[in-house]
Each structure stands twice: as C-alpha cells, then as structure tokens.
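Novice: One structure follows; several queries about it will come next.
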Amino acid sequence: MAITQRQFNHLNEMGINVWQQRDTDNSAVALESKNTNIPVSTSLAFDLDQLSQQQLFSDILLCIDISIGEVTTENNIMNLGLFNWQFKETDTITFSKSILTTPLLTAFENSTQLKKDLWQIIQQKVLA
C-alpha cells in the first residue's frame, strides 16, 4: 500500500517506522525543492489566501488529501507534498520532475479544456 509523503512524515514523527520504496525522481525533487533550481523570475507570483478561496484549488487539495495549512511556498512555488506547483505565463499544463506548471487559476475559469487537462495530469501523474 502506498502512502503519501505527508503520511510518511507523520508516522515517522510518531515513532512508527515505515518502509517506503524510494523513487529516484522523488529524491531529486526533494533536493530541487530545497535548492529551487527553477529561476524565480520564471514563476508568477500568487497569493495563497486568494487561491484558497477558489473552488478549483480547494477541490485539488481535497483530491490529494492535503489541507491548506500543509501547503508551503518558496520562491513562487507551492509544495503540496506529492508535487510542487508553479504558475507561468503559458497556455499549457506540464508535469515534469514532480513540478506541475500551469497558467494562473483565473485562466481556468473559462476553459473547460484546461480543467480537463489539469485533472488528467493529476490523475495520471500525481495519483498514479
């Protein structure tokens, strides 16, 4: 049975040792999240309080079983435990090295195709 990184951390904090298979991509992401190899200028700034008011964002957090209090941000990148999320001036959604890159959530308001693409990536890449 697979567990999330958040669940793994909680169990370790309680003194419960859990064996979890290491994924080479995940260990690289942990290093990247600390060093943030992504230039700050390429990521768009966002307001986490404002994001938490948007239904799409709340639905995504619910889907990956994380609360808003567990979301951390650094250099305009959100760490959601299972993946990092950044916003860029783009019309496409990409997922590479556990980094989800999307346009700002306001772009999703009138685009059913963007919403569909986002949910497919979350289903296929994040929750798989």
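The values are calculated or read from the model by the stated rules, or taken from the named source; none is laboratory data. No experiment lies behind these values; they were computed from the predicted model shown. Here the Cβ is made from the backbone with ideal geometry for all residues, glycine too, and neighbour counts use every protein chain on show. Note: accessible area is taken over every heavy atom of the protein model, side chains too, but ligands, DNA and RNA are not part of it. Shrake-Rupley method; radii C 1.70, N 1.55, O 1.52, S 1.80 Å.
Novice: Taking residue 56 as the residue in question, decide whether it is open to solvent by 60 Å² or more (accessible area, probe 1.4 Å), part of a helix (DSSP H, G or I), closer than 17 Å to residue 119 by Cα and modelled with pLDDT of 90 or more.
Specialist: Values: open to solvent by 60 Å² or more (accessible area, probe 1.4 Å): no; part of a helix (DSSP H, G or I): yes; closer than 17 Å to residue 119 by Cα: yes; modelled with pLDDT of 90 or more: yes.
Against the criterion (open to solvent by 60 Å² or more (accessible area, probe 1.4 Å), part of a helix (DSSP H, G or I), closer than 17 Å to residue 119 by Cα and modelled with pLDDT of 90 or more), residue 56 does not qualify.
Novice: OK, next. Quick one: which strands (runs of 3 or more DSSP E) sit completely within segment 59-102 and have at least 3 residues that are open to solvent by less than 10 Å² (accessible area, probe 1.4 Å)?
Specialist: Values: elements: 72-74, 77-79, 84-87, 94-96, 99-102.
Here the list reads 84-87.
Novice: Moving on. So residue 107 passes all but one of these: (1) closer than 20 Å to residue 4 by Cβ; (2) of a type in the set (A, V, I, L, M); (3) open to solvent by 40 Å² or more (accessible area, probe 1.4 Å); (4) not in a loop (DSSP other than H, G, I, E, B). Which condition number does it fail?
Specialist: Unmet for residue 107, out of (1) closer than 20 Å to residue 4 by Cβ; (2) of a type in the set (A, V, I, L, M); (3) open to solvent by 40 Å² or more (accessible area, probe 1.4 Å); (4) not in a loop (DSSP other than H, G, I, E, B): (1).
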